[in-house]
Structure formats: C-alpha cells, structure tokens
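What follows is one structure encoded as structure tokens, with my remarks underneath.
The values are calculated or read from the model by the stated rules, or taken from the named source; none is laboratory data. Given the structure is predicted, the values throughout are model-derived calculations rather than measurements. For neighbour counting, all protein chains shown are included, and Cβ atoms are generated from backbone atoms with ideal geometry for every residue, glycine included.
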Amino acid sequence: MTTDAGLGLDVSVFARVGDTLERVAGMMQDREERRRHLFQQMHQVPITAPDIPLTGGAGALQMADTLSPKAGFMWSIRRLVCSGFTVGTVQVYKNGFVTGTAPGVATGGELVAPFASAGVLTFGRGELLLDQNDQLIFSAATITGTVQIGGAADCFERWLLPDYLGLG
C-alpha cells in the first residue's frame with residue numbers, strides 16, 4: 001500500500017475516485033449525446049384538413065394520408081381544434097371508417113374527442129397515441145356553419161416510444 005508520507009493517505013483511493021469520476025463524466029456525456037439525438041428524432045406536426053363536407057348539416061371526413069402518421073412513425077395528439085360552427089356536434093374517432101355517400105357517417109372506431117360545440121381539446125404526452133396504421137376520423141351532425149379542423153401532434157419514430165413516454 002502506498003501512502004502519502006506524513007498524512008497516512010492511501011494513494012490508490014485517490015486513483016479509484018479519479019477513475020470513478022471519469023466513468024461518471026463519460027456516462028453524462030453519453031446521456032447528453034443521446035438526448036440530442038432523441039431531440040432530432042422528435043418534432044411537432046400540424047394537424048390540418050379541409051373543412052368537413054356537409055350535406056344538410058351532417059358529414060364525415062376520413063383522410064388517412066393527412067390525418068395519420070406515416071409508416072414507421074407515431075403521433076401523440078397534443079391539441080385538436082374544431083371551429084367555424086355555432087350549433088351542432090363533432091365527434092373524433094380513432095380508426096373506424098366512413099360509410100355511405102356524402103355526407104357519410106363515421107362508424108366503428110374509438111370515440112376519442114367529442115366536441116359538443118366549437119372549441120379546443122388538449123391532451124397530455126402519450127394520452128392519445130396514433131400508430132402507423134391508425135387515423136383520425138371526424139363526424140359532424142346538426143351543424144350550422146362549417147367545420148374547420150386543426151391541431152398539433154408530437155411526431156416521432158416508433159422505436160422512440162419508450163423514451164417519449166419516459167420509460168427508456
């Protein structure tokens with residue numbers, strides 16, 4: 001055992017502490033690089049679509065190419081906006097399909113956002129997730145006015161879901 005003369009300190013202890021601090025600094029650097037990489041892989045996308053086509057105050061809108069994430073990606077819906085109407089209801093479904101001719105009726109799927117009037121709904125991170133084969137479908141009934149759709153979603157590659165949810 002090597003000691004510092006007069007102090008009785010073990011020099012090897014200082015070497016081990018130095019090694020430990022070096023490993024911790026390396027781990028912190030790796031974590032920061034990973035955080036930067038993740039930040040580059042996630043971004044927010046606007047949710048936009050044309051007005052819901054209405055006939056007699058009713059209609060439905062299904063646009064898988066616009067209202068769903070692309071292959072290999074996921075969306076976490078953060079905000080949905082339905083505006084432009086003074087009377088009526090709009091229901092937003094996750095999946096399902098539109099049947100019939102114009103105005104069409106949305107059937108099946110999971111009701112995720114009912115609008116009893118024009119307004120804004122906000123969602124927490126991971127609260128309303130859409131995978132690559134999921135889509136939003138809008139159904140309007142007894143509308144006076146038009147139905148304009150808007151909002152925002154966090155978009156990220158599917159493999160990032162655990163990190164996005166804070167599990168990674």
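List of remarks:
So that you can scan it fast, the table gives a plain yes or no per residue for (1) at negative phi; (2) of a type in the set (S, T, Y):
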position	(1), (2)
C82	yes, no
N95	no, no
T107	yes, yes
L130	yes, no
T142	no, yes
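- Residue match in region 97-120 (condition: of a type in the set (A, V, I, L, M, F, W, C) and in contact (Cβ under 8 Å) with a residue 60 or more places away in the chain): no
- Against the conditions (1) within 30 Å of G57 (Cα to Cα); (2) in a helix (DSSP H, G or I), W159 satisfies every one except (1).
Condition check ((1) part of a strand (DSSP E or B); (2) farther than 24 Å from L160 by Cβ) across all residues:
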position	(1), (2)
P53	no, yes
G59	yes, yes
D65	no, no
S68	no, no
R78	yes, no
V81	yes, yes
G88	yes, yes
V92	yes, yes
V98	yes, yes
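- Selection within region 119-141 - modelled with pLDDT of 95 or more, farther than 19 Å from A64 by Cβ and outside any loop (DSSP other than H, G, I, E, B): G119, V120, L121, T122
- Among the residues making up region 15-52, those that are at pLDDT below 75 and among the hydrophobic types (A, V, I, L, M, F, W, C) are L38, F39.
- Residue in region 147-162 that is assigned by TED's automatic domain parsing to the domain that holds L54, of a type in the set (S, T, N, Q) and farther than 23 Å from Q44 by Cβ present: no
- Among the candidates L136, L129, residue that is surrounded by 14 or more Cβ atoms within 10 Å (Cβ to Cβ), in contact with a helix residue (DSSP H, G or I) (Cβ under 9 Å, 6 or more places away or on another chain) and of a type in the set (A, V, I, L, M, F, W, C): L129
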